[in-house]
1. Consider I327 carefully, then state whether it is open to solvent by 10 Å² or more (accessible area, probe 1.4 Å), hydrophobic (A, V, I, L, M, F, W, C) and over 19 Å from the mean Cα position of the chain (by Cα).
2. Just give me the residues in the stretch 42-60 being in contact (Cβ under 8 Å) with a residue 12 or more places away in the chain, out of contact with any Ser or Thr (no Cβ under 8 Å at 6 or more places or on another chain) and assigned to a helix (DSSP H, G or I), in sequence order.
3. Out of L236, L264, L272, which single residue is among the aliphatic types (A, V, I, L, M) and closer than 30 Å to E215 by Cα?
4. Which of (1) out of contact with any strand residue (DSSP E or B) (no Cβ under 8 Å at 6 or more places or on another chain); (2) charged (D, E, K, R); (3) open to solvent by less than 60 Å² (accessible area, probe 1.4 Å) does D49 not meet, given it meets every other one?
5. Hey, can you tell me all the residues within the stretch 112-149 that are buried (at least 19 other Cβ atoms within 10 Å of the Cβ), hydrophobic (A, V, I, L, M, F, W, C) and assigned to a loop (DSSP other than H, G, I, E, B)?
6. Would you mind telling me which numbered condition in (1) in contact (Cβ under 8 Å) with a residue 24 or more places away in the chain; (2) assigned to a loop (DSSP other than H, G, I, E, B); (3) under 19 Å from the mean Cα position of the chain (by Cα); (4) farther than 23 Å from E266 by Cβ K109 fails?
7. If I filter the stretch 204-261 down to residues being in a loop (DSSP other than H, G, I, E, B) and among the β-branched types (V, I, T), which single residue comes out as farthest from the chain's Cα centre (by Cα)?
8. Give the residue, chosen from V259, V276, V285, V309, that is open to solvent by 70 Å² or more (accessible area, probe 1.4 Å), β-branched (V, I, T), at pLDDT 95 or above and over 27 Å from I147 (Cβ atoms).
Amino acid sequence: MTITRRIAIAGGLSTLMPALLAAPARSNTEWPDRPITMVHGFPPGGPTDLVARIVADRLTQRLGQRVIVEGKPGASGNNAALQVARAAPDGYTLFAIPSGHAFAAATYKSLPYRTVDDFTMISMFTEYPYLMVTYAEHSIHSVADLIALARKQATPLLYGTPGNGSGPQLAIELFAREARIKLQHIPYRGSAPAATDLIGKRLDFMMDPPAALLEHVRGGKLRALAVTDNSRFFALPDVPTIAESGLPGYLVTAWQGLVAPAGLPEPILHRLNAEVVAILRETDVIAKLRTFGNEPKPTTPMEFKARMVADVAKWTAVVESTSFERI
């Protein structure tokens with residue numbers, strides 16, 4: 001090779017190198033180029049799993065890569081949260097969460113992850129109230145009846161929940177504080193056994209998401225007393241709210257949502273948010289979600305983060321102002 005040719009090649013490389021160095025990272029420009037895992041921390045068939053699978057199926061179609069739903073039950077979802085918090089923020093690990101993610105910050109003495117700062121909020125999926133129910137033959141026919149009976153009888157009314165530190169327990173603690181009554185908590189391992197014992201008249205009442213109770217209400221085994229939102233529930237329009245039943249200002253709603261590890265690149269965050277919002281506006285998706293009592297609630301990442309922060313503050317205040325013992 002002649003000296004002149006060597007100089008020409010060297011000059012060409014020196015011109016090309018800055019352009020190569022300035023090229024954007026491949027992972028950002030071509031995401032996704034492999035399957036994505038959507039983790040959640042609960043058993044199959046529950047509300048979190050159902051919503052995750054509906055959204056994952058549509059994301060698979062929209063992104064051109066399979067979105068695999070992977071349930072990892074344990075410690076009320078905290079084990080799955082820790083796994084996701086430690087994962088790479090590359091868009092290939094997502095986390096479908098219920099509002100229990102915010103409740104845990106209030107109910108646990110300590111957590112191995114930061115509830116807000118270790119995650120990137122993408123969008124809420126859905127929002128829904130809790131239903132307050134009793135068994136069909138109980139003398140309680142309204143919230144006013146329940147409060148009056150709790151104040152009258154010598155022993156506290158018994159209420160069941162899916163477990164210690166669950167959203168329904170906190171909602172009832174708030175209810176008891178506002179109503180100035182004393183109640184006895186009976187924790188279960190999930191909603192189904194609590195509902196079974198209520199139907200069997202071993203409890204006085206319970207609160208839980210519609211997905212766990214609607215079938216029993218419609219079948220006449222349970223009587224719906226009220227809903228916890230500040231407006232009536234679309235699936236039970238004749239059932240009043242707790243606020244209109246004697247406790248003005250009482251408001252509790254739960255939700256499902258999607259997050260990723262902290263530090264998710266902005267282009268991936270914006271793409272995921274846009275896709276989730278579009279999915280939750282599809283007519284058939286809305287219909288599917290409503291069959292088990294969930295109302296679609298797409299948000300921006302900032303709106304979702306603000307809701308998370310507000311929920312942590314609200315339930316921390318409830319825990320600190322009641323007899324609740326942190327786990």
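The values are calculated or read from the model by the stated rules, or taken from the named source; none is laboratory data. What you are looking at is a predicted structure, and each value in this text was computed from that prediction instead of being measured. Please note: Cβ atoms are built from the backbone with ideal geometry, for glycine as well, and neighbour counts cover all protein chains shown. Please note that ligands, DNA and RNA were not included when accessible areas were found on the heavy atoms of the full protein model with its side chains. Shrake-Rupley method; radii C 1.70, N 1.55, O 1.52, S 1.80 Å.
1. yes
2. P47, T48, D49, L50, A52, R53, I54, V55, A56, R58, L59
3. L236
4. (1)
5. Answer for the stretch 112-149, where residues must be buried (at least 19 other Cβ atoms within 10 Å of the Cβ), hydrophobic (A, V, I, L, M, F, W, C) and assigned to a loop (DSSP other than H, G, I, E, B): just I140.
6. (3)
7. Filtering first and then ranking leaves V239.
8. Going through V259, V276, V285, V309 in turn, the sole match is V309.
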